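Right, one structure below, let's go through it.
Just so you know, all these numbers are worked out from the coordinates, no wet-lab data involved. Please read all numbers here as calculations on a predicted model, not as lab measurements. Backbone-built Cβ (ideal geometry, glycine too); neighbour counts: all protein chains shown.
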Amino acid sequence: MRGSRCGWSVAGPALVALLLVQGCTEKRPGSPVEQASSPAVDSLEFVAHGNEPFWSVAVSRQGIVFREPERPDGLRGDYAAAVQEGSRLVFRTLLSDSVALPLELVLEVQPCQDSMSGKDYAYAAVARIGDRVLRGCAEHGASADPPRDPPGLGDWVVVAHRAPGVSAMTDAEATAWHGRIAHYGSALAAFGANSCPNPSYRARPTRADSLLNVAYHIAPSALGIGSRATVTMIEVRCGESPWIVPGGTLLRTPDGEMYLVWDGVFFELRRR
């Protein structure tokens, strides 16, 4: 499943119907079904989202809204209660575009993990929009906000740096980057004199030792990361090609620290 890692063990239809329509009377700790139970189907609100490409669908009584980086304001369709098809909940609507665009959002109760944040969700999601098929995870709740930009993006400032391996930059040259602003959004990526209109972002979660030992010849401990921890490399792409300039490669650690990586130096970023 692209953009997510979802298990495929599915609860039986009768059990799912009981949990979704009547509520759960016997809860088992740690069960994903426990998170998905209680209110009547037609009163639920959901947010589904996925990565590569980044997308989200928000479902509420006010309407069903599809967003992606190219459409930050979203396409809206009328709300209709979900139809239960076996163990799945299916929302259908027509999105308002230059022509009516059919949307079908299928939610299934099964473990799903976001490939960028590592967060676990109770639902796997498949969104069919016209002839596109998008896969990801979903959560239930009126307070869940759909992401307008890819996760981890926005405005950042360089606050420090580490050069644990071999680098062509001197410490003085790296220190001169402190205070520089990096911007990553759906319409523009920019750092220093370099900019890329309408960028795309590719995230690659991998084990810290596999990435850092091989690509940068450093131990994960140099960044305060465990060897078996999962880190996420975010590649900025301009058009069809990687953006091979300072600011074009980001590294996110499991505890949420963000680094801009260039010339063997890991520049620590802090959100503005």
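What are the ³J(HN,Hα) values, in whole Hz, obtained from phi via the Karplus relation 6.51 cos²θ - 1.76 cosθ + 1.60 with θ = phi - 60°, for each residue of the stretch 242-251 in sequence order, with x given for Gly and Pro?
x, 8, 8, 9, x, x, x, 10, 10, 10
When only Cα pairs under 8 Å and 6 or more residues apart are kept, what is the percent relative contact order across the stretch 122-272?
23 percent.
What dipole magnitude, in Debye to the nearest 20, does the stretch 190-272 give about its Cα centre under +1 on Lys/Arg Cβ and -1 on Asp/Glu Cβ?
Using Cβ point charges on Lys, Arg, Asp and Glu, the stretch 190-272 gives about 220 debye.
Once you sort the root eigenvalues of the Cα gyration tensor of the stretch 210-252 as a ≥ b ≥ c, which label holds: rounded (a/c under 1.5), prolate (a/b larger than b/c) or oblate (the other case)?
In terms of gyration-tensor shape, prolate.
In sequence order, what are the phi-derived ³J(HN,Hα) couplings for the stretch 65-82 according to the Karplus relation 6.51 cos²θ - 1.76 cosθ + 1.60 with θ = phi - 60°, rounded to whole Hz, with x for glycine and proline?
Coupling constants for the stretch 65-82: 10, 9, 10, 8, x, 6, 10, x, 7, x, 10, 10, x, 5, 6, 9, 4, 5 Hz.
List the trypsin sites (Lys or Arg not before Pro) within the stretch 207-268 that DSSP assigns to loop and that have no more than 14 neighbouring Cβ atoms inside 10 Å.
Counting only loop positions with at most 14 other Cβ atoms within 10 Å, the trypsin sites (Lys or Arg not before Pro) in the stretch 207-268 are Arg228.
Quick check: from the Cα gyration tensor, does the stretch 195-272 come out rounded (a/c under 1.5), prolate or oblate?
Prolate, since a/c reaches 1.5 and a/b exceeds b/c.
Kindly write out, for the stretch 162-174 in residue order, the coupling ³J(HN,Hα) from the Karplus curve 6.51 cos²θ - 1.76 cosθ + 1.60 (θ = phi - 60°), rounded to whole Hz, with x marking Gly and Pro.
Karplus-based 3J(HN,Hα) across the stretch 162-174 equals 9, 10, x, x, 8, 9, 7, 8, 7, 4, 5, 5, 5 Hz.
With +1 on each Lys and Arg Cβ and -1 on each Asp and Glu Cβ, and nothing else charged, work out how big the dipole of the stretch 67-209 is about its Cα centre, in Debye to the nearest 20.
180
Express in whole angstrom the spacing between the alpha-carbon centres of the stretch 87-123 and the stretch 208-272.
30
Pick out, from Ala203, His178, Gly165, the residue whose Cα sits farthest towards the positive end of the charge dipole of the stretch 120-272, with +1 on the Cβ of Lys and Arg and -1 on the Cβ of Asp and Glu.
Value computed over the given set: Ala203.
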